[in-house]
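In what follows, a single structure is set out as structure tokens and then discussed.
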Amino acid sequence: MKKSRFSDEQIVRILQQAERGGKPITALCKEHGIAENTFYRWRRRFGGLDVPQARRLKELEAENARLKRLLAERDLEVDVMRQVL
């Protein structure tokens with residue numbers, strides 16, 4: 001997956017700026033150099049979150065990925081043990 005040039009905190013702040021309604025979404029997207037599709041994808045993922053919640057979401061996603069890797073490694077070890085026995 002491609003690394004975003006915006007941090008989660010920056011994304012949340014852009015979404016909060018849009019919620020305040022100061023500018024139309026089209027103008028906001030041009031100002032930040034993003035496509036409208038990107039904005040709506042961000043809103044679907046981060047909508048309603050504030051900055052600390054976005055940080056926590058990122059931490060939980062990283063922990064979930066780590067746990068999935070550990071489970072996959074354990075499953076491989078179990079399969080190898082079954083083949084040995």
**Asked** Of 44, 74, 55, which has the largest mean-square fluctuation in a 10 Å C-alpha GNM of the chain?
**Response** 74
**the chain, relative contact order in percent, only Cα pairs under 8 angstrom and at least six apart counted** = 34
**Request:** Over the chain, with every protein chain in place, what whole percent of the accessible area is carbon and sulfur at 1.4 Å, could you tell me?
**Result:** 53
**Request:** Counting only heavy atoms of the protein chains, get the accessible area per residue of the chain (1.4 Å probe) and round it to a whole Å² value.
**Result:** 81
**Request:** Taking 7 Å along the Cα-to-C-beta vector as the label spot, tell me the residue 78-residue 27 distance in nanometres, rounded to one decimal.
**Result:** 5.8
**Complete:** Per-residue ellipticity at 222 nm attributable to helices in the chain (runs of n ≥ 4 DSSP H, -39500 (n - 2.57) apiece, nearest 500 deg cm²/dmol) works out to -26000 deg cm²/dmol
**Request:** Using just the alpha carbons, could you tell me how many Å³ per residue the convex hull of the chain encloses?
**Result:** 106
**Item:** Förster radius 30 Å - calculated FRET efficiency between residue 6 and residue 70 (Cβ-Cβ, nearest 0.05)
**Value:** 0.50
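The values are calculated or read from the model by the stated rules, or taken from the named source; none is laboratory data. These numbers come from a predicted model, not from an experiment. All Cβ positions, even for glycine, are placed from backbone atoms using ideal geometry, and neighbour counts span all protein chains on display. Surface accessibility is based on the protein's heavy atoms, side chains included, excluding ligands, DNA and RNA. Shrake-Rupley method; radii C 1.70, N 1.55, O 1.52, S 1.80 Å.
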